[in-house]
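Shown below is the structure under consideration.
Read-outs throughout are calculated quantities, based only on the coordinates presented, and are distinct from any laboratory measurement. A quick note: this is a predicted structure, and the numbers were derived from the prediction, not measured. As a convention, Cβ positions derive from the backbone with ideal geometry for all residues, glycine included, and neighbour counts pool all protein chains shown.
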């Protein structure tokens, strides 16, 4: 005795059977192809979006810390005492003081507005990868050169300077002299040039020593803008914030990377969501093909439905029979799409260069784009979401034709047979 329900057996048999109407078979294959292409495209695009998001996050966080501790009016007094209180906090693997201010840099007739980040070269490697981003000069040169400055690659090119040249830093604060109130100027020596791979840093960031910044911006001793922290898990910021609230002896403020770059990451997340919705329409179109195919199959099988009902088949059994057929077609398309999508997403680093070589073009020229390779980061939760979405759309698409089949009356169906 066969353990499979007869609805499942007949549904699978109808799926495998040769069609008297060849057009129905064509629609079946086009439905499978449409679902497979939609699932594959959605998995690949989601993987590319994940890759871009991961790449941008890594580039941003390679130049900034995961978290900052600061005080009222962006001033942190006695930062060394705060550092001792923070030391040993779970997930905190590094810390460094920083002063952040605005300034203008001039060289010849060129003037550029920049963000000035003052660091301690001995502490800074604990929280950022600035030392690994140097293209000329070195981070340690800041320690040995009084009033030395590091410039982003784009900023140095726009100013027309290189290592060893002099630039003038113009602070927004003024000095009172005998001839009136004058802006504060300071001649700085370019001791290094870095490339972070992000326009925000390469074109608008200048790095100097904390000792020099205190004199230029008149910071008291042991006062900085913030104490920056590096975490072993960048998503552990909430746990670290709670731990710091218990450790710190005074009221201070914590700012993490999700808050400092909130608009940017929200925009990337929104773009990923919109791409998911747009590409899901491809699967929806393929699901409508299943509706068309199922309606034609029901019309073609009216006599069979009438015979089954005469033998005692219930409307629910008829519905299940045809739903099995539609779901089988959708499942085949989903399996093909998931297999092809995962394989392509995992091998984009090989496929894309091959296509570029074949067509003789570059999708992301390195002289225009900071990210010149197509990144891909496959996340299985996205694969699961795509597969479940495709299955649900297939299930919905089979419901109406199956319901129509269940309403067929045997007498009406057999009248003209």
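Kindly rank 131-143, 320-332, 44-56 from highest to lowest mean number of other beta carbons found within 10 Å of each residue.
320-332, 44-56, 131-143
Restricting to Cα pairs below 8 Å that are 6+ residues apart, what does the relative contact order work out to for the range 72-251? Please round to a whole percent.
35 percent
Multiply the residue separation of residue 115 and residue 235 by 0.36 nm, subtract the distance between their alpha-carbon atoms, and state the gained length in nm to one decimal.
Result for the pair: 40.5 nm of gain on full extension.
While we're on this one: Arranged by the count of other C-beta atoms within 10 angstrom, fewest first, what order do 145, 357 take?
Lowest count first: 357, 145.
Mind running the shape call on the range 72-251? Use the C-alpha gyration tensor, a ≥ b ≥ c as the square roots of the eigenvalues: rounded below 1.5 for a/c, prolate if a/b tops b/c, oblate otherwise.
oblate
At 7 Å along Cα-to-Cβ for each site, give me the label-to-label distance between residue 158 and residue 259 in nm.
2.9 nm
May I pose another question? Stretched out fully, how many nm does the piece from residue 396 to residue 358 gain, at 0.36 nm a residue minus the Cα gap?
Extra length available between residue 396 and residue 358 comes to 9.5 nm.
Quote to one decimal, in nm, the extra length available between residue 381 and residue 349 on full extension: 0.36 nm per residue of separation minus the C-alpha distance between them.
9.4 nm
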